[in-house]
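Please read the structure below before turning to the comments.
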Amino acid sequence: MKLATDPLRITTAAVTVILGAIHLQLYMESYKDIPIDNIGRSFLLNAVASLAAAAVVMLWSHQLAPVAPLLLANSTLIAFGLSRTDRGIFGFTERGWSPTPQAAAAVAAEIAAAVFATLALATTRTTETDIESMRS
């Protein structure tokens with residue numbers, strides 16, 4: 001396996017790691033103590049999934065590798081939005097940009113990851129190696 005050299009893939013991976021680091025920080029500082037079990041776990045899972053998605057986009061040369069951080073970023077943005085509704089997510093609700101500044105930083109990283117992953121997908125060309133790997 002060869003490390004990606006495409007600037008869009010590298011940027012996608014870096015921003016994905018940042019969004020995972022923010023979620024890990026939130027988990028360690030307060031979300032692990034929220035009595036709704038799934039909330040704390042989801043922040044920890046997000047941190048682990050962010051590392052995995054960054055690894056996929058950096059180590060797998062397939063043209064669809066940027067889908068991993070794209071799905072992660074979009075699902076995290078959806079969860080953020082749901083947590084701001086009256087119903088919340090898993091019964092958990094928050095208001096506005098709380099916690100500050102992590103909420104705004106996380107949303108910015110999620111949007112950036114989605115944008116860079118989309119650009120990486122749009123600019124990736126199919127190679128003979130990709131075609132062969134799809135056949136096997």
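Helical runs assigned H by DSSP (4 residues or longer) give the chain a calculated mean residue ellipticity at 222 nm of -23500 deg cm²/dmol, each run adding -39500 (n - 2.57) before division by the residue total.
Hey, of (i) 1.10; (ii) 1.20; (iii) 1.05, which did the structure itself give for Rg/Rh (Cα atoms, Kirkwood Rh) when calculated? It is the one labelled (iii). Where is the GNM fluctuation largest for the chain (alpha-carbon springs, 10 angstrom cutoff): THR76, THR100, THR118? Judging by the Gaussian network model, the answer is THR100.
Relative to the longest principal axis of the C-alpha atoms of the chain, give the angle of the C-alpha long axis of helix 7-29, reported between 0 and 90° and rounded to the nearest 10°. Rounded to the nearest ten degrees, it is 20.
If I fit a long axis through the Cα atoms of helix 102-123 and take the longest principal axis of the Cα atoms of the chain, what angle between them do I get, 0 to 90°, rounded to 10? Value to nearest ten degrees: 20.
Bear in mind that the values in this text are calculations on the coordinates, not laboratory data. These numbers come from a predicted model, not from an experiment.
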